[in-house]
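Before any comments, here is the structure.
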Amino acid sequence: MAHVAERAGVSAQTVSRVANGSPRVDPATRARVEKAMADLGYRMHRAARALRTGQTSTIGLVVSTLASVGNSRMLQAISEAAAERDYALAVVTVGERGIREAFARLRSQGVDGAVVLNEATELARDVDPPADLHLVVVDSPPDRRFSIVQTDHAGGAREATAHLLSLGHDTVHHLAGPARSFAAAERERGWREALADAGATVVDPVRGDWTSASGHRAAAELSAATAVFVANDQMALGALRAFADSGRRVPADVAVVGFDDIVDAAEYRPPLTTVRQDFDALGRRAVDALVTAIEGGVPAADSVPASLVVRESSLPA
């Protein structure tokens with residue numbers, strides 16, 4: 001740090017402020033210090049800073065599985081957002097010993113806080129989080145014990161259902177996600193609200209487990225449907241194959257809308273109409289809320305809008 005200060009012609013305190021991202025440095029001075037850092041190969045020594053500040057600049061991610069597309073996308077988004085804030089990331093999965101063990105593993109790694117992702121949020125609600133561990137939970141009902149960031153699942157589902165109704169269908173069937181999933185419940189709520197607003201009949205949803213195979217199985221119960229809103233794109237893929245296997249054409253015989261807008265949604269046959277989740281914004285806002293809490297601020301609950309992307313699977317025949 002002393003060498004950087006000498007090279008840049010500033011005090012060591014100014015170098016410290018630049019290294020820690022303080023706004024109390026004018027842009028020209030910051031640029032000069034950052035150039036000196038680059039010239040000299042200066043890097044913050046995390047272990048030394050942790051001893052001085054009591055913080056490791058490391059955050060954790062708690063996840064039940066990384067096999068689903070949504071969770072993988074969120075891992076990438078959170079990892080990139082953490083790097084932008086100069087935080088390292090430690091990832092733990094919830095195994096047989098439960099979320100308490102996951103929290104214990106993170107604490108043993110000295111993390112300053114953690115993001116709890118999607119399916120793991122249900123487990124987080126069942127335990128009291130460690131008092132010394134800042135938490136941001138992605139997709140959860142209001143809870144004073146931690147900060148919450150979520151997608152507007154219900155709003156996206158309402159838009160998808162209204163789109164299908166606008167094509168002239170009497171009602172829209174729903175292939176729902178797991179009963180205990182917050183995201184699935186919110187998407188089901190939005191679907192029900194759109195049907196109620198239109199005065200359309202509500203048919204009991206059929207349910208899958210987010211996987212393509214479960215979508216394929218569940219589609220057998222949708223033989224009377226002319227329009228289906230599916231709670232995620234992977235189940236929609238399975239449903240599309242099941243409809244094709246039974247000789248039903250999409251969208252001529254049944255229109256289909258998914259949720260997530262995964263990378264391959266446009267490559268389905270036919271290309272899938274779906275509700276786009278902004279995983280990058282969701283990950284960035286989760287990290288921002290967590291860093292705010294770590295640094296002594298009070299993060300507010302945050303909701304990220306979802307938007308409908310219309311493709312061939314729901315176009316008029």
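The values are calculated or read from the model by the stated rules, or taken from the named source; none is laboratory data. Just so it is clear, the structure is predicted and the values come from calculations on it, not from any experiment. Here the Cβ is made from the backbone with ideal geometry for all residues, glycine too, and neighbour counts use every protein chain on show.
Below is a table of values for the structure above.
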item	result
Boolean, Ala244 is more than 30 Å from Ile148 (Cα to Cα), not basic (Lys, Arg) and not assigned by TED's automatic domain parsing to the domain that holds Ser72	yes
Odd one out for Ala50 among (1) at pLDDT 80 or above; (2) not in a loop (DSSP other than H, G, I, E, B)	(1)
Criterion (within 30 Å of Leu135 (Cβ to Cβ) and touching a residue at least 12 places away in the same chain (Cβ under 8 Å)) met by exactly one of Val310, Val254, Val250, Val287	Val287
Residue among Gly258, Gly283 that is in the same structural domain as Leu164 (by TED's automatic domain parsing), among the small types (Gly, Ala, Ser) and closer than 21 Å to Thr151 by Cβ	Gly258
So Asp245, is it of a type in the set (D, E, K, R) and at positive phi	no
Residues that are assigned to a loop (DSSP other than H, G, I, E, B), in contact with a Ser or Thr (Cβ under 9 Å, 6 or more places away or on another chain) and closer than 21 Å to Ala154 by Cβ, drawn from the range 186-221	Ala200, Thr201, Val202, Val203, Gly208, Trp210
Residue, nearest to the chain's Cα centre (by Cα), within the range 98-126, restricted to residues that are at pLDDT 75 or above and in a loop (DSSP other than H, G, I, E, B)	Leu117
Checking Ala224 against (1) among the aliphatic types (A, V, I, L, M); (2) over 30 Å from Pro141 (Cα atoms); (3) buried (at least 24 other Cβ atoms within 10 Å of the Cβ), the condition it does not meet	(3)
Qualifying position, being within 17 Å of the chain's Cα centre (by Cα) and touching a residue at least 60 places away in the same chain (Cβ under 8 Å), among Val136, Val91	Val136
Pair list, Cβ under 9 Å, 6 or more apart: the range 33-54 residue within 18 Å of Ser22 (Cα to Cα) and of a type in the set (D, E, K, R), other residue modelled with pLDDT under 65 and assigned to a helix (DSSP H, G or I)	none
Lone qualifier among Asp245, Asp280 - being acidic (Asp, Glu) and over 27 Å from Asn71 (Cβ atoms)	Asp245
Residues satisfying the stated conditions in the range 135-167, i.e. of a type in the set (Ser, Thr, Tyr) and part of a helix (DSSP H, G or I)	Thr161, Ser166
Residue list for the range 168-202, restricted to those being in contact with a helix residue (DSSP H, G or I) (Cβ under 6 Å, 6 or more places away or on another chain) and among the small types (Gly, Ala, Ser)	Ala176, Gly177, Ala183, Gly190, Ala194, Ala198
Any hit, the range 274-284, residues being more than 20 Å from Val138 (Cα to Cα) and within 23 Å of the chain's Cα centre (by Cα)	yes
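Listed here are the residues, each with its yes/no results for (1) farther than 26 Å from Asp245 by Cα; (2) among the aliphatic types (A, V, I, L, M); (3) surrounded by 19 or more Cβ atoms within 10 Å (Cβ to Cβ); (4) in contact with a strand residue (DSSP E or B) (Cβ under 7 Å, 6 or more places away or on another chain).
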residue: Thr151; (1), (2), (3), (4): yes, no, yes, yes
residue: Arg158; (1), (2), (3), (4): yes, no, yes, no
residue: Leu167; (1), (2), (3), (4): no, yes, no, yes
residue: Val172; (1), (2), (3), (4): no, yes, yes, yes
residue: Leu175; (1), (2), (3), (4): no, yes, yes, yes
residue: Ser181; (1), (2), (3), (4): yes, no, yes, no
residue: Ala184; (1), (2), (3), (4): yes, yes, yes, yes
residue: Glu193; (1), (2), (3), (4): yes, no, no, no
residue: Trp210; (1), (2), (3), (4): no, no, yes, no
